[in-house]
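What follows is a single structure, written as structure tokens, with notes after it.
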Amino acid sequence: MQRRLFIRQSLLAIPALYVGNSLLFASCRKDDELKPGNWRGKVIVIGAGISGIYAAKQLMSLGIDVTVLEASGRTGGRIRGLEGFADFEIELGAEEVHGKRSEWYNIVNGTPGVSFNEASSEDYFYIGNVLKSESAWAGNSVLTQAKTFENTARNYSGVDKTVHEQAIAQGINPDGYEIINAYLGNEYGASNNVLSIKGITEEDQLWESGDDNYTLKSGSYTNVLKHHYADVINKVKLNHPVTQISYAGNQVTVTANGTNFVADRVIVTVPLAVLQSGTIQFSPQLPNAKRNAINKIGMGAGMKVILKFKDRFWAANTGTIIGGPKSAMYWTTGLGKSNTALLTAFVMGEKAQYLSSLGNGATNALLAELDQMYGNSAATKAFTEAHIMDWGKEQYIRGAYSYAIVGGGISQRRELAASIDNKLFFAGEATHTAGHNSTVHGALETAIRAVNEITKA
């Protein structure tokens, strides 16, 4: 199974679930469908990412008074497009739809002017300082061993440890470490030396949306949001960073941009790293179990670096380039929909931290890596410009997406998702408790769960 938020095949990874004509949400069970209750009051939604927008849309459809507060000057959260860099809008965040059995698939598929990409490609692997296609590497022991490890890592049953520790324990050839890190650490928004192998097994065994991934041939995820949620987007109060949430009384007071907003209930949808930063103060303090859960789930650095070239120096059938010591993976951006020569470096965890520390110098580091892979300074000679999307430096996002750490797991996500005093409710990809965390369709499902909790409370 390939689970990606920010990556080529379709996150920052976008998408609830369908089986036949039955709409399913949250833990993907029929009893988690949207269930309108009789409650009517005022709700504040904090955060205008996909979870906040979707929650507000459902509340508005029930006739509930909703205010959406967004800290930044834009809506969409980790859905963001780059216009003007190429002859199509490039996804800087979420890029894939994960499986057909999701509400996001149906939403995207039902958007005018948006269609899915059917282009085929082949992966290339950099092993022992040699770059070749997967078919050309057929029978190579390093690649075979790395892919076998990746396939079995999601069925782990031993003591909790990091993916890297398990690779060492299994005697994996070190030449395959970068491939494994690309398949697992990078895919899950981390590095193998912090990603829990037990955690990804726990999540993967709950996954129900399907194994196929889809990218767009036409349109963009921003188009999807604008088409379906314009009524919500137009009501969002931008540039309203929340600094305090007081829930001691019968109502909740939210302080944002120096103004107090009062409501009966509040849905907190901000990214996990924002909660971890402590920039939002809660009064009274959040329960110990909640604070512990916030710190027992990981969320770290993540980047996309879009590289434009005057001509293509890679093979025409190239899909993903895997195994680089600095990037973990590249993919051909716009494959099947544009002739512009573009590569995207998709980098998570430690590699992203390193590149982030270089600032604009990250581009030169990546070009040097591509030069090493292809020889004859191919990348540097063809390079024209770059765009760096460093999600860790986004003040109100602070990272890529959540991942399992050793000692964490689904139990911590359940605690993070739990409401407090029927007044504070939590949504967002990190609060998904049935394996769809770190995806957009998971974020949508948590929005439905939070709305159901409010209307039934």
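The values are calculated or read from the model by the stated rules, or taken from the named source; none is laboratory data. Here the structure is a predicted model, which is why all the values come from computation and not from measurement. With ideal geometry, Cβ positions are generated from the backbone for all residues, glycine too; neighbour counts draw on all protein chains shown.
Take the range 299-332 and flag every residue that is modelled with pLDDT of 95 or more and in a loop (DSSP other than H, G, I, E, B).
Within the range 299-332, GLY300, ALA301, LYS310, ASP311, ARG312, PHE313, TRP314, ALA315, GLY323 meet the criteria.
Here is a list: SER133, SER102. Which entry is crowded, with 18+ Cβ neighbours inside 10 Å, over 20 Å from ILE397 (Cα atoms) and not aliphatic (A, V, I, L, M)? Walk me through how you get there before you give the answer.
Values: SER133 fails: crowded, with 18+ Cβ neighbours inside 10 Å.
Criteria check complete, one pass: SER102.
Considering (1) in contact with a Leu (Cβ under 7 Å, 6 or more places away or on another chain); (2) within 27 Å of ILE180 (Cβ to Cβ); (3) crowded, with 18+ Cβ neighbours inside 10 Å, say which one VAL97 fails and leave the rest.
(1)
Please pick out the residue among GLY158, GLY199, GLY176, GLY189 that is over 15 Å from MET348 (Cα atoms) and part of a loop (DSSP other than H, G, I, E, B).
Step by step, each of GLY158, GLY199, GLY176, GLY189 is checked, and only GLY158 is over 15 Å from MET348 (Cα atoms) and part of a loop (DSSP other than H, G, I, E, B).
Would you please name the residue that is nearest to LYS296 (Cα to Cα), looking only at residues in the range 424-457 that are out of contact with any Ser or Thr (no Cβ under 9 Å at 6 or more places or on another chain) and surrounded by fewer than 24 Cβ atoms within 10 Å (Cβ to Cβ)?
Here the residue is LEU424.
Could you tell me whether GLN353 is out of contact with any Leu (no Cβ under 7 Å at 6 or more places or on another chain) and not in a loop (DSSP other than H, G, I, E, B)?
Here the answer is yes, as GLN353 does meet what is asked.
Six or more apart or on different chains, Cβ atoms under 6 Å: show the pairs whose first residue is in the range 350-366 and of a type in the set (Asp, Glu) and whose second is not in a helix (DSSP H, G or I).
Hits for this filter: GLU350/SER191.
When you scan the range 80-88, do you find a residue that is closer than 21 Å to SER115 by Cα and part of a strand (DSSP E or B), even just one?
Checking the range 80-88: at least one residue is closer than 21 Å to SER115 by Cα and part of a strand (DSSP E or B).
Please find, within the range 48-87, the residue that is surrounded by the most Cβ atoms within 10 Å (Cβ to Cβ) out of those that are under 25 Å from TYR401 (Cα atoms) and acidic (Asp, Glu).
GLU70
What tally of residues in the range 106-128 results from selecting those that are within 29 Å of ILE180 (Cβ to Cβ), modelled with pLDDT of 95 or more and in contact with a Gly (Cβ under 7 Å, 6 or more places away or on another chain)?
The number of residues fulfilling the criteria is 5.
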